[in-house]
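In what follows, a structure is listed as structure tokens, so that the remarks can point back to it.
The values are calculated or read from the model by the stated rules, or taken from the named source; none is laboratory data. As the structure is a prediction and not an experimental result, all values here were calculated from the model. We place every Cβ from the backbone using ideal geometry, glycine too, and count neighbours over all the protein chains shown.
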Amino acid sequence: MKSRKEILEKIISFDGELSVLKKELSKYPWDVEEPYLVISKSKFIKILKKSIDQVITFEDLEYWANIIECRDDLDFEVELIQEMVFELSSPEINGEITRIKLQYMIEQLSM
């Protein structure tokens, strides 16, 4: 069995089938004292670029954001990433995911 940290690293990097990784992660308790991993600006930007370049679909990006949103075992290098994850996880509230929106997010994180 993979460790929680290994599973989280694979999810954050979009390395593997997300539904399988999500199921593996569900075997661990939800609550933790401290985060296992911090999502850096560079890792987050890398995922956004994969979606812009159509390596992953906007639907996959939304699913990914839903998996990592509101987890105690993950933290974010800057709060802006957390806000962007929420935005991506709920396009029905925040507007559809588009290349322009993703490019704007990258620009915001690059400032």
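The requirement of being assigned to a helix (DSSP H, G or I), of a type in the set (A, V, I, L, M, F, W, C), out of contact with any Ser or Thr (no Cβ under 6 Å at 6 or more places or on another chain) and at negative phi is not satisfied by ILE97.
Which residue is farthest from the chain's Cα centre (by Cα), if the candidates are limited to the range 3-25 and must be surrounded by fewer than 15 Cβ atoms within 10 Å (Cβ to Cβ) and either basic (Lys, Arg) or in a loop (DSSP other than H, G, I, E, B) (or both)? Of everything passing the filter in the range 3-25, SER3 is farthest from the chain's Cα centre (by Cα). Being in contact with a strand residue (DSSP E or B) (Cβ under 6 Å, 6 or more places away or on another chain), modelled with pLDDT of 95 or more, assigned to a helix (DSSP H, G or I) and not β-branched (Val, Ile, Thr) is true of GLN82. Residues of the range 26-48 include none that is out of contact with any Cys (no Cβ under 6 Å at 6 or more places or on another chain), more than 17 Å from GLU9 (Cβ to Cβ), aliphatic (A, V, I, L, M) and exposed (fewer than 14 other Cβ atoms within 10 Å of the Cβ). Applying the criterion of being over 17 Å from LYS43 (Cβ atoms) and within 15 Å of the chain's Cα centre (by Cα) to the residues of the range 90-109, the residue that is surrounded by the fewest Cβ atoms within 10 Å (Cβ to Cβ) is SER90.
Assigned to a helix (DSSP H, G or I) and free of Cβ contacts under 8 Å to residues at least 24 places away in the same chain, is that true of GLU87? Spelling it out, GLU87 is indeed assigned to a helix (DSSP H, G or I) and free of Cβ contacts under 8 Å to residues at least 24 places away in the same chain. Quick one: is TYR36 of a type in the set (Ser, Thr, Tyr), touching an Asp or Glu at 6+ places or on another chain (Cβ under 6 Å) and at pLDDT below 95? Spelling it out, TYR36 is indeed of a type in the set (Ser, Thr, Tyr), touching an Asp or Glu at 6+ places or on another chain (Cβ under 6 Å) and at pLDDT below 95. Only residues that are over 18 Å from LEU109 (Cβ atoms) and out of contact with any helix residue (DSSP H, G or I) (no Cβ under 6 Å at 6 or more places or on another chain) were counted across the range 3-17, and they come to 8.
For the range 26-45, enumerate the residues that are small (Gly, Ala, Ser) and either touching a helix residue (DSSP H, G or I) at 6+ places or on another chain (Cβ under 8 Å) or in a loop (DSSP other than H, G, I, E, B) (or both). Within the range 26-45, SER26, SER40 meet the criteria.
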